[in-house]
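The values are calculated or read from the model by the stated rules, or taken from the named source; none is laboratory data. Here the structure is a predicted model, which is why all the values come from computation and not from measurement. Cβ: placed from backbone, ideal geometry, glycine included. Neighbour counts: every protein chain shown. These accessible areas exclude ligands, DNA and RNA; they are computed on the full protein's heavy atoms, side chains included. Shrake-Rupley method; radii C 1.70, N 1.55, O 1.52, S 1.80 Å.
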Amino acid sequence: QVQLVESGGGLVQAGGSLRLSCVASGSFANIDAMGWYRQAPGARRDGVASITREGITHYSYSAKGRFTISRNNATNAVYLQMSSVNADDRAVYYCNARVRVWGSTILTPFWGQGTQVTVSS
């Protein structure tokens, strides 16, 4: 099984910055793409940013120019650097990893427990 442990969430002032971290552990053959999703109150879970194993990144329109996703393949970690945060960024942020487990030819998604980001004015 695969476990994703997130950290870095908390309270941040509007206009400020925050860095989220996620580390994958367990038994698996390979981790392909990793990403961050978020779910605001009353909304569905939407993608924020993703990054391939080779380092190719994609961002949602609202995240582009403000957030930066990165990863460390040696430590199976993915990060989200959040800058110029605003009230719309308030949400529970979830780490996601597409994992090839032992004995499987498909990629299976795994999720972290979620970390709360609250924005104050």
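Considering every Cα-Cα pair within the stretch 1-59, what fraction, in whole percent, is farther apart than 12 Å? Could the numbers behind the result be given before it?
Values: 1313 of 1711 pairs.
Above the 12 Å cut-off, the stretch 1-59 has 77 percent of its Cα pairs.
In whole percents, the pair-distance distribution calculated for the chain from its alpha-carbon pairs, binned every 5 Å from zero, is 2, 12, 23, 24, 19, 10, 6, 2, 1, 0. With the convex hull drawn over the C-alpha atoms of the stretch 46-98, the volume per residue is 83 Å³. The order of the peptides 36-48, 101-113 by mean Cβ neighbours within 10 Å, most packed first, is 36-48, 101-113.
Note on Asp88 and Gln1: with the Förster distance fixed at 41 Å, the Cβ-Cβ geometry gives a FRET efficiency of about 0.75.
Where does each of 72-81, 6-15 land if you order them by average Cβ count within 10 Å, highest first? Show your work: numbers first, answer last.
Working: 72-81: 16.3, 6-15: 14.1.
Listed from highest to lowest mean packing, they are 72-81, 6-15.
Close amide H partners of Val85, meaning residues 5 or more places away or on another chain with modelled amide H under 5 Å apart, are Gly15, Gly16. Roughly how many whole Å is it from the C-alpha centroid of the stretch 48-121 to that of the stretch 1-36? What the calculation gives is 6 Å, centre to centre.
Computed about its Cα centre, the charge dipole of the chain is approximately 80 debye, with only Lys, Arg, Asp and Glu carrying charge at their Cβ.
Taking the stretch 96-121 and a reference point 7 angstrom along Cα→Cβ of Ala14, the backbone N atoms nearer than 13 Å belong to 119-121. Split the accessible area of the chain by element, probe 1.4 Å, and carbon with sulfur accounts for 50%.
Projected label points at Asp32 and Leu107, each 7 Å from Cα along the beta carbon direction, are separated by 0.4 nanometres. Build a GNM of the chain with springs between Cα atoms under 10 Å apart, and of Gly26, Gly55, Gly16 the one that fluctuates most is Gly26. Couplings 3J(HN,Hα) of the stretch 23-34, computed from phi: 10, 9, 9, x, 10, 7, 8, 6, 10, 8, 5, 10 Hz, in residue order, whole Hz [Karplus 6.51 cos²θ - 1.76 cosθ + 1.60, θ = phi - 60°; x for Gly and Pro].
Excluding ligands, DNA and RNA, what is the solvent-accessible area per residue of the chain at a probe of 1.4 Å, expressed in Å²? Could the numbers behind the result be given before it?
Working: 6420 Å² over 121 residues.
Result: 53 Å² per residue.
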